[in-house]
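The values are calculated or read from the model by the stated rules, or taken from the named source; none is laboratory data. For clarity, every value in this text was computed on a predicted model and none was experimentally measured. Here the Cβ positions follow ideal geometry from the backbone for every residue, glycine too, while neighbour counts run over all protein chains shown.
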Amino acid sequence: MTKMRLMTCNIRTSTGDDGEDHWERRKEMCVSIILGREPDLVGLQETGEDQATYMKAAMTGFSSFGLPDEPGSKHAVDTMFYRSDRFDLVAAGGYWLSETPHVPGSSSWDSRCVRLANWVRLIDKPSRQEFRFVNTHLDHVSQPAVEGQARTINEDAAAYDSDYPQFLTGDMNANVDHPGIQSFLEAGWVDTYEAVYEDYNPYDTFHRFRGEQYDHGGGKIDWVFSRGRVTVTGAEVVKDSEGGRFPSDHYFVSADCEVGAC
């Protein structure tokens, strides 16, 4: 069995008018909290070009991958990280969350933004166990877009054998009551948090930098899913702060899993 820890982290764009919570004031805390959890795999969302550059330099010991969302752009979005000393890269790629997923920059279902999914196939060096890691960020406005984008991810994952280990991290902009999340569950994805605590909505993971003071009933919209030969052994909504300030306007979410075990 191959044990590993995953994290999904929406780090909040650096272009927002966030005052004391601006990226420049919280970027070191962001890295400190992520690395403090000693993850093996990390999926980021809302990575601006400056943020991606900083995170790649700060995440020592990690390799990264991500595709640009628009043709002609060199800026990778939804960057994903994996430990260089532990994993060998087998393949990497991505697809757009649209009706034409292999057309770069494509968008459907009135999605406010162009959305994509990045993926890597990795081999754990000690065990030689292969698995796939997917990272994404679903639309924040259009419910039909979230449903269609989830369906696109499900169709892509279904190309692999049902027992092949896969992970999916992301800010889905939807809680468990949303049809898009229901489609993930119906397609065989397991919510790692619910697998441990039998609770899909422990906290509002989006909190506008206010932590537990912000309670709008939105539930958990940041997810770590697994499917295939994976056993979930632990999970956490990471609520760390420093001096009353948070690394992002989202809580990060982590999961501990054993790959190759069922």
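What the table below lists for this structure:
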item	result
Single unsatisfied condition, Glu194 versus (1) crowded, with 16+ Cβ neighbours inside 10 Å; (2) under 27 Å from Trp23 (Cα atoms); (3) free of Cβ contacts under 8 Å to residues at least 24 places away in the same chain	(2)
Options Trp109, Trp96; residue that is under 16 Å from the mean Cα position of the chain (by Cα) and buried (at least 18 other Cβ atoms within 10 Å of the Cβ)	Trp96
Test: residue in the stretch 222-236 that is assigned to a loop (DSSP other than H, G, I, E, B) and within 17 Å of the chain's Cα centre (by Cα)	no
Test: residue in the stretch 13-29 that is among the aliphatic types (A, V, I, L, M) and either surrounded by 20 or more Cβ atoms within 10 Å (Cβ to Cβ) or closer than 25 Å to Lys125 by Cα (or both)	no
Flag if Gly218 is modelled with pLDDT under 95 and crowded, with 16+ Cβ neighbours inside 10 Å	yes
Lys74 vs. criteria charged (D, E, K, R), touching a strand residue (DSSP E or B) at 6+ places or on another chain (Cβ under 8 Å) and modelled with pLDDT under 95	yes
Verdict on Tyr203 being modelled with pLDDT under 95 and either closer than 23 Å to Thr13 by Cβ or crowded, with 16+ Cβ neighbours inside 10 Å (or both)	yes
Residues located in the stretch 167-197, provided they are among the polar types (S, T, N, Q) and closer than 20 Å to Arg115 by Cα	Thr169, Asn173, Asn175, Gln182, Ser183
Subset of the stretch 55-106 [free of Cβ contacts under 8 Å to residues at least 40 places away in the same chain, outside any loop (DSSP other than H, G, I, E, B) and of a type outside the set (A, V, I, L, M, F, W, C)]	Lys56, Ser63, Ser64, Pro68, Asp88, Gly93, Gly94
Every residue from the stretch 210-262 that is among the polar types (S, T, N, Q) and touching a residue at least 12 places away in the same chain (Cβ under 8 Å)	Ser226, Thr231, Thr233, Ser241, Ser248, Ser254
The stretch 122-154, residues that are among the charged types (D, E, K, R), surrounded by fewer than 24 Cβ atoms within 10 Å (Cβ to Cβ) and under 17 Å from Gly170 (Cα atoms)	Arg132, Glu147, Arg151
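Per-residue answers, yes or no, for (1) touching a Lys or Arg at 6+ places or on another chain (Cβ under 7 Å); (2) over 27 Å from Glu242 (Cβ atoms); (3) among the aliphatic types (A, V, I, L, M):
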site	(1), (2), (3)
Glu155	no, yes, no
Thr169	no, no, no
Asn175	yes, yes, no
His178	no, yes, no
Ser183	yes, yes, no
Ala187	no, yes, yes
Tyr203	yes, no, no
His207	no, no, no
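Here is a yes/no grid of residues against (1) within 21 Å of Cys257 (Cα to Cα); (2) at pLDDT 95 or above:
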position	(1), (2)
Met1	yes, no
Leu6	yes, yes
Ser14	no, no
Lys27	no, yes
Cys30	no, yes
Gly36	yes, yes
Asp40	yes, yes
Gly43	yes, yes
Glu49	no, no
